């Protein structure tokens, strides 16, 4: 009995779920850049990526490991850029440098 090629490609992923922001995952025929790695009890439950291009709209989505067929680790530069891009400014109700204000003074 022959095993489909997609199961062979994904076979290494369950035991090696080491994904990093800035890396790329291959899902449904498209390479997607990882924005965030979501974990539950120490195991990767999903990765946040931009939406598939065929959906026709922007935004982000969560891709579960069973949908991922390949992975490319990020270079040191890509990982640094991704970690900086993922940081959000603090949201507070008083003014300050680098703060986004929520109230009018």
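The figures follow:
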read-out	value
Among residues of the stretch 36-58, those that are touching a residue at least 24 places away in the same chain (Cβ under 8 Å) and either part of a strand (DSSP E or B) or buried (at least 16 other Cβ atoms within 10 Å of the Cβ) (or both), counted	6
Tally of residues being over 14 Å from residue 28 (Cβ atoms), part of a helix (DSSP H, G or I) and touching a residue at least 40 places away in the same chain (Cβ under 8 Å) across the stretch 66-79	2
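Computed from the coordinates by the stated procedures, all read-outs in this text should not be read as laboratory data. The shown structure was predicted, so the numbers you read here are calculated from the model rather than taken from an experiment. Here the Cβ is made from the backbone with ideal geometry for all residues, glycine too, and neighbour counts use every protein chain on show.
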